[in-house]
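Visitor: This is the structure I have questions about; it appears just below.
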Amino acid sequence: MMRRIVPVLDALTALVLLLLVWVLLTDGFTLALGRVRVPVTRGQDVLLVALALAAIRWIVAAPSIRPGRPARVVAIGVVVYTAVLSLICLGNHVTFRTHAMDLGYYVQVVWALGQGLTPHETLLEQHAWAGHLSPILYLMAPLGRLPWLPEALLVFQSLALALGAVPLYLMARPRVGDVAAAGLAVLYLMNPTLHGINTKDFHTAALAIPLLITAMYAVQTRRWWLFWPALVLTLGTREDASIAVVGLGLWVAMAKRRFVLGGGIAVIGIAWLFASVGWIMPHFRGEPYPYLTARYGHLGKSLGAIILSPILRPRAVLETLLSARRLRYVAALLAPLGFLPLAAPIAAVGALPALAQNLLNSDPILFNYRTQYQSFVLPFLVVASIAGLERVRAWSQGAVRPSRLGAMLTPRRVLTGAALVSLVLSDRTVNGLAVSRWRPTDDARAAVKVMDSIPPSASVCAGERFFPHLARRQKVFVFPVGLDRADYAFVSSARLDEGEVGRVVATRDGADVTLSPGAPVNKTVRYRVVREEGEYLLLQRTTGTN
């Protein structure tokens, strides 16, 4: 009886998916139900309905899906992921939804390296290595000569993250078979944490994800010529990638039973961590590394005290770890992987150092499952899923005596459930495919016209959302910082008649504009309008300041 509704469920799911396409293309519609008006304008809401129908369909009768060529499925997945996530990221950039921190920051640094200049950034007005130590950017310096550098960084990041599926598939194939390995690779590409990292600007930390997976694949296959470059490049992504390298050492020692090698890798990670935050970065900053006391001051006042806090301050550590928000964060990391890492906890040991780094800090952004701070956790969890799936397969085949729950699990059920959870937690990603999210408005086109008229060698002060578009120069500031030093100011005149430009007191007399910002400028600055498009003004600074 239940199977008779399968065609109905399939038809309904297909209709809802067509509705999803319609909403993405047209921005949706409002459904009138008597006096109640229901807006159907977000793709994610329609997707959730489709997923609910798909889940019911699988419960009633799971369809038989067996790809003929699993390797081809992985290759197609890599291409589709790169195309879709690149489109979303480029749409964010075209419509001014990328940010000074971090895309604008990295654009300016890579541009400087591409010109053979010192990597100085003017967002925080310091040497780039004073904020984060990312020598991997030297390898990306050729991109700095491209006129479309921001777009290149966004596409490069999408491709790099997609390619992480390849070593994951190659690593899983001899252990769980071609089909299940392809399923894990696709599950990785569907991961909501991966999507969150990918769609939030550009971060060098994100590059550690494919590098760490590659390093673990190289250990498993004894390809040391591949392992050591992957290790060095991982350390080059950011100073705190050394914590992930410590995790890699733990994984080699505990999961692969290579204690000497694993210990050596962990020592390399610890040594680089102390060198980076204790010597290299303070050298460029002219002061101690700032993020320890800001985020971990409740555990200790030095790096050594923070590392030893589980022993020195166990109560403070436990109270921090057991908060409801942090527990939800851990669940959000594990659920899209079908909780497979829990089936093989030793294989997941590499995630512990970075997970502790995120859980023990006081800044909620570090234990948000969609932020770049998961870049040092996710690789270990997806690799641990291989061992977890291997154990689930052994349970399903009766190779061991599992619990009643374990006996109900099969690789197919776990992967299917994980895929559905991944799509549910990734539902907001689909909103980025809406035409309105990547189609420039008249307002955006006016802004581009004005920005294109700014001389490339000139210094500029502009709003935060315009920073990434103007960062290919030596000096660019976030308004109102730098108003007294910039050659040009790019501003909106929307509230100029009310005596204000971006919360700065402003007056206009013909082509002359006077700006009176408070701290940190504390000067009256005079500019002259040299171009006006729509609401946007390009102002050139005159010599007069008070």
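Per-residue answers, yes or no, for (1) assigned to a strand (DSSP E or B); (2) in the same structural domain as Val186 (by TED's automatic domain parsing); (3) modelled with pLDDT under 90; (4) within 30 Å of Pro210 (Cβ to Cβ):
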{"residue": "Leu47", "(1), (2), (3), (4)": "no, no, no, yes"}
{"residue": "Leu53", "(1), (2), (3), (4)": "no, no, yes, no"}
{"residue": "Ile65", "(1), (2), (3), (4)": "no, no, yes, yes"}
{"residue": "Val74", "(1), (2), (3), (4)": "no, yes, no, yes"}
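Visitor: Of these, Gly247, Gly262, which one is assigned to a helix (DSSP H, G or I), touching a Phe, Trp or Tyr at 6+ places or on another chain (Cβ under 8 Å) and free of Cβ contacts under 8 Å to residues at least 24 places away in the same chain?
Guide: Residue meeting the stated conditions: Gly262.
Visitor: Please work out which one of (1) surrounded by 24 or more Cβ atoms within 10 Å (Cβ to Cβ); (2) over 21 Å from Tyr369 (Cα atoms); (3) in contact with a Pro (Cβ under 7 Å, 6 or more places away or on another chain) is the condition Val179 fails and give its number.
Guide: (1)
Visitor: Among the candidates Thr41, Thr26, single out the residue that is free of Cβ contacts under 8 Å to residues at least 40 places away in the same chain and surrounded by 12 or more Cβ atoms within 10 Å (Cβ to Cβ).
Guide: Going through Thr41, Thr26 in turn, the sole match is Thr41.
Visitor: What are the pairs, 6+ residues apart or on separate chains, where a residue within the range 140-157 that is on the phi < 0 side of the Ramachandran plot and assigned to a helix (DSSP H, G or I) has its Cβ under 9 Å from a residue that is basic (Lys, Arg) and crowded, with 17+ Cβ neighbours inside 10 Å?
Guide: Gly144/Arg472; Leu149/Arg472; Pro150/Arg472
Visitor: Looking at the structure I just gave you, is Gly510 of a type outside the set (Asp, Glu) and under 18 Å from Lys449 (Cβ atoms)?
Guide: Here the answer is no, as Gly510 does not meet what is asked.
Visitor: I would also like to ask the following. Tyr527 passes all but one of (1) surrounded by 14 or more Cβ atoms within 10 Å (Cβ to Cβ); (2) modelled with pLDDT under 90; (3) hydroxyl-bearing (Ser, Thr, Tyr); which number fails?
Guide: Failing condition for Tyr527: (2).
Visitor: Moving on. Test of understanding: among Ala75, Ala83, Ala52, Ala100, which residue is free of Cβ contacts under 8 Å to residues at least 24 places away in the same chain and under 18 Å from Thr199 (Cβ atoms)?
Guide: Ala83
Visitor: Being among the basic types (Lys, Arg) and in contact with a His (Cβ under 9 Å, 6 or more places away or on another chain) is the filter here, so list the residues in the range 413-471 that pass it.
Guide: Arg428, Arg465
Visitor: When the range 457-489 is examined, which residues are found to be polar (S, T, N, Q) and under 22 Å from the mean Cα position of the chain (by Cα)?
Guide: Within the range 457-489, no residue meets the criteria.
Visitor: Further question on the same structure: State which residue pairs qualify: first residue aromatic (Phe, Trp, Tyr) and inside the range 265-280, second residue part of a helix (DSSP H, G or I) in any location, beta carbons under 8 Å apart, and separation of 6 or more residues or different chains.
Guide: Going by the 8 Å Cβ cut-off, the qualifying pairs are Trp272/Leu235; Trp272/Ser242; Trp272/Val245; Phe274/Leu303.
Visitor: Let me confirm something: among Ala356, Ala351, which residue is free of Cβ contacts under 8 Å to residues at least 40 places away in the same chain and part of a helix (DSSP H, G or I)?
Guide: Exactly one of Ala356, Ala351 is free of Cβ contacts under 8 Å to residues at least 40 places away in the same chain and part of a helix (DSSP H, G or I), namely Ala356.
Visitor: Confirm whether Leu159 is in the same structural domain as Leu231 (by TED's automatic domain parsing) and closer than 30 Å to Arg285 by Cβ.
Guide: no
Visitor: What is the one condition in (1) part of a loop (DSSP other than H, G, I, E, B); (2) modelled with pLDDT of 95 or more; (3) touching a Gly at 6+ places or on another chain (Cβ under 9 Å) that Gly116 does not satisfy?
Guide: With respect to (1) part of a loop (DSSP other than H, G, I, E, B); (2) modelled with pLDDT of 95 or more; (3) touching a Gly at 6+ places or on another chain (Cβ under 9 Å), Gly116 is out only on (3).
Visitor: Further, regarding this structure: Find all pairs meeting these conditions: Cβ atoms under 9 angstrom apart; at least six residues apart or on different chains; first residue within the range 448-476 and assigned by TED's automatic domain parsing to the domain that holds Leu154; second residue crowded, with 24+ Cβ neighbours inside 10 Å.
Guide: none
Visitor: Picking from Leu231, Leu163, which residue would you name as being in contact (Cβ under 8 Å) with a residue 24 or more places away in the chain, surrounded by 20 or more Cβ atoms within 10 Å (Cβ to Cβ) and either in contact with a helix residue (DSSP H, G or I) (Cβ under 7 Å, 6 or more places away or on another chain) or of a type outside the set (D, E, K, R) (or both)?
Guide: Only one candidate qualifies: Leu231.
Visitor: Out of the residues in the range 275-295 that are modelled with pLDDT under 90 and within 26 Å of the chain's Cα centre (by Cα), state the one that is surrounded by the fewest Cβ atoms within 10 Å (Cβ to Cβ).
Guide: Ala294
The values are calculated or read from the model by the stated rules, or taken from the named source; none is laboratory data. Quantities reported herein were computed from a predicted structural model and do not represent experimental measurements. Every residue, glycine as well, gets a Cβ built from its backbone with ideal geometry; the counts of neighbours run over all protein chains shown.
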